[in-house]
Amino acid sequence: MNSQLLIHTAQALMADNRGILAMDESTPTCDKRFAKLGISQTEETRRAYRELIITTPGLGESISGAILYDETIRQKKKDGAPFLKVLGDAGIIPGIKVDTGAKEMAGHPGEKITEGLDGLRDRLKEYFQMGARFAKWRAVIAIGDGLPSRSSLEANAHALARYATLCQEAGLVPVVEPEILMDGNHTLERCLEVTEEALRNVFIQLNCQRVLLEGMILKPNMVLPGLDCPDQPTVDDVADATVKCFLRTVPAAVPGIAFLSGGQSGELASARLNALNLRFKTRVPWALAFSFARAIQLPAMEIWRGDEANVTAAQAALLHRARCNQAARRGEYTAAMERDLE
Ligand code: 13P
């Protein structure tokens, strides 16, 4: 294992208050988002959309890494330049989603287990040769009546750890993503309890499978109440609960925590990330960063709608969200930044 390379990549992903752009939607997920906006669902529209993202002028100033999907990592710009070269020129490290999706877990109604370990070693080798330097695997955990079960937490943590060790063997930094979903009416406290339990399981397995903690990034949910919970907390309450949870569970050797957005609006995700950094940046051992998909991309996708004429305006919206999140990493994001765009 090349520890120096892994440590270097993990630190580069967290440097300069930049963050990771997740643009690794699987084809069905990307098509679903396109369908909602009336965008045609073809390989060419997906390619054109991804070209729009990676050619956004100045994106590399606020984005350190981009997570790609297998289809995307092989694609080229209309003028023939490979996407990987475009990213490299922009100073953005390419990453790759390597799980093959969360499937119904046998014997566990309402719960999922993430697949993709079979053949993973060879796939990782190929991605490294292509130029990827980090990889992502997402486990999905729902909160419900009697859920999550202990067995699903253990099985998902085990798979995350198996994936993480294989990544490190191949020279790729694992971005370890155990996502507790926001669906439901559970309270902030219940999310704290479940996130804590999930992360405890994840780090037991990561240690057991000999993962180099300095050479990984954790990609968790913020600690939030369910979307249908009547009691919605302030951004400061969210920051307090989130840091309380991580101080209990995430070793100080982990260089960075890059949050997923999970369906929060772009503005709320930035405001909560800002509160986290404003209150805790100097008091916690890890970088508090972002690895958002929807909270960075959706405003841009809504402007683009598949029309070439909207590319420049869509790129401006994408860059704006990326910059807001960079400001949030410094604890300098304000609502006034949103008005500046108008
Ligand atoms: P969201 O930020 O939209 O939750 O996506 C992050 C991600 O990578 C999901 O796996």
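Odds and ends about this structure:
- Check on Thr72, open to solvent by 50 Å² or more (accessible area, probe 1.4 Å), β-branched (Val, Ile, Thr) and free of Cβ contacts under 8 Å to residues at least 60 places away in the same chain: no
- Any hit, the stretch 246-263, residues being within 16 Å of the ligand (Cβ to nearest atom), farther than 30 Å from Ala316 by Cβ and touching a residue at least 40 places away in the same chain (Cβ under 8 Å): no
- Residue ID - nearest to the chain's Cα centre (by Cα), chosen from residues in the stretch 273-299 that are within 13 Å of the ligand (Cβ to nearest atom), over 15 Å from Arg330 (Cβ atoms) and outside any strand (DSSP E or B): Ala293
- Residues satisfying the stated conditions in the stretch 1-59, i.e. touching a Gly at 6+ places or on another chain (Cβ under 9 Å), charged (D, E, K, R) and more than 15 Å from the ligand (Cβ to nearest atom): Arg18
- Odd one out for Ala239 among (1) closer than 22 Å to Ala22 by Cβ; (2) open to solvent by 30 Å² or more (accessible area, probe 1.4 Å); (3) among the aliphatic types (A, V, I, L, M): (2)
- In the stretch 134-170, residue least open to solvent (accessible area, probe 1.4 Å) [restricted to those that are more than 22 Å from Glu25 (Cα to Cα) and among the hydroxyl-bearing types (Ser, Thr, Tyr)]: Ser152
- Where a residue in the stretch 20-44 is within 27 Å of Cys324 (Cβ to Cβ) and open to solvent by 70 Å² or more (accessible area, probe 1.4 Å) and its partner, wherever it lies, is modelled with pLDDT of 95 or more and within 15 Å of the ligand (Cβ to nearest atom), with Cβ under 9 Å and at least six apart: Lys32/Glu25
- Residue pairs meeting the criteria (Cβ under 6 Å; at least 6 apart or on separate chains; first closer than 13 Å to Ser149 by Cβ, in the stretch 102-120; second open to solvent by 50 Å² or more (accessible area, probe 1.4 Å) and modelled with pLDDT of 95 or more): Met105/Lys112
To keep it simple, each residue is scored yes or no on (1) within 15 Å of Arg123 (Cα to Cα); (2) open to solvent by less than 40 Å² (accessible area, probe 1.4 Å); (3) modelled with pLDDT under 95.
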{"position": "Leu68", "(1), (2), (3)": "yes, yes, no"}
{"position": "Gly80", "(1), (2), (3)": "no, yes, no"}
{"position": "Phe83", "(1), (2), (3)": "no, yes, no"}
{"position": "Leu87", "(1), (2), (3)": "no, yes, no"}
{"position": "Ile96", "(1), (2), (3)": "yes, yes, no"}
{"position": "Gly101", "(1), (2), (3)": "no, yes, no"}
{"position": "Glu104", "(1), (2), (3)": "no, no, no"}
{"position": "Glu111", "(1), (2), (3)": "no, yes, no"}
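- When the stretch 195-231 is filtered for residues that are farther than 24 Å from Ile20 by Cα and not in a helix (DSSP H, G or I), the ones remaining, listed by number, are Gln209, Arg210, Pro225, Gly226, Leu227, Asp228, Cys229, Pro230, Asp231.
- Helices (runs of 4 or more DSSP H) contained entirely in the stretch 1-60, each with at least 1 residues that are aromatic (Phe, Trp, Tyr) and at pLDDT 95 or above: 27-36, 43-54
The values are calculated or read from the model by the stated rules, or taken from the named source; none is laboratory data. Keep in mind that this is a model prediction, so the values were computed, not measured. Ideal geometry is used to build each Cβ from the backbone, glycine not excepted, and the neighbour counts take in all protein chains shown. Side chains included, ligands, DNA and RNA excluded: accessible areas come from the protein's heavy atoms. Shrake-Rupley method; radii C 1.70, N 1.55, O 1.52, S 1.80 Å.
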